[in-house]
Amino acid sequence: MEDLKHSETWRVFRIQSELVEGFETLNDIGHAVAVFGSSRMLPGSYYYEQALELGKRLSNAGFAVITGGGPGIMEGVNKGAKQGKGKSVGLNIEIPAEQIPNKYQDISLSFRYFFIRKLMFVKYATAFIIFPGGFGTMDELFEALTLSQTKRIGVFPIILFGKNYWEGLIDWFQSTLIPDNTISPEDLGLISFVDSVHEVCEILKEHKRVYTVDMPECNQE
């Protein structure tokens, strides 16, 4: 039995278990928005407070709000969502260095495998909002862009929060990727840029045909 636990066959069972738990737990959460961002943003910092406000407004509008479940931006969003009407969801990941689940989650799942966690974000979220962040945040951003570019997902707003933070990346897209023909100019249309919670709400309202939530609530101060 000990040999089996360390075999590839045993790993398949663990993967299957995480998939089943994720599907069963999240199947009835309704329309959801996923928010990503750095785990290093402290309470009181500008982006943390914006994340808190966004979580609250999305939740009051009727969205379930999904984050990676950790500290920083994720905590701010979950804390705000917890104060609203919708579900506050955290999809936590087991990694050695960090990722202590924050305490503001109505639904909390823990994953060993990144690819299953990423699948849950894409399957159950109807928009991605990307706050400033590091490699993990970039990973989620480019995953969403790739799936949208290749039409593996449908209508799917991908919103970058913080124009100053992201403008260098977009400049590189325009100065290098497009001239070298590694992406098309129209691919930039997959991305929206905002500096305020109000702008996020306005973009979601443009896609309201996809949702059955009370979008005016998102704009209420």
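The values are calculated or read from the model by the stated rules, or taken from the named source; none is laboratory data. Note that the structure is a prediction, hence the values are computed from the model and not measured. Positions of Cβ are generated from backbone atoms using ideal geometry, with glycine treated the same way; all protein chains shown enter the neighbour counts.
What residue, among those in segment 41-50 that are surrounded by 15 or more Cβ atoms within 10 Å (Cβ to Cβ) and out of contact with any Phe, Trp or Tyr (no Cβ under 6 Å at 6 or more places or on another chain), is farthest from GLU140 (Cα to Cα)? Going through the qualifying residues, I end up with SER45. Restricting GLY133, GLY90, GLY80 to residues that are at pLDDT 95 or above, in a loop (DSSP other than H, G, I, E, B) and either crowded, with 24+ Cβ neighbours inside 10 Å or of a type in the set (Ser, Thr, Tyr) (or both) narrows the list to GLY133.
A residue that is more than 20 Å from MET74 (Cβ to Cβ) and either surrounded by 20 or more Cβ atoms within 10 Å (Cβ to Cβ) or small (Gly, Ala, Ser) (or both) occurs somewhere in segment 156-174.
If I filter segment 147-161 for residues that are of a type in the set (Ser, Thr, Tyr) and within 17 Å of VAL33 (Cβ to Cβ), do I get at least one hit? The answer is yes; a qualifying residue exists. Only one entry in GLN174, GLN105 is over 26 Å from LYS87 (Cα atoms) and without any contact (Cβ under 8 Å) to a residue 40 or more places away in the chain, namely GLN174.
The set of residues from segment 54-70 being over 14 Å from the mean Cα position of the chain (by Cα), farther than 19 Å from ASN27 by Cβ and assigned to a loop (DSSP other than H, G, I, E, B) comprises just one member, ALA61. Can you find a residue that is of a type in the set (Asp, Glu) and either within 19 Å of LEU190 (Cβ to Cβ) or modelled with pLDDT of 95 or more (or both) anywhere in segment 103-112? Yes; the residues of segment 103-112 include at least one that is of a type in the set (Asp, Glu) and either within 19 Å of LEU190 (Cβ to Cβ) or modelled with pLDDT of 95 or more (or both).
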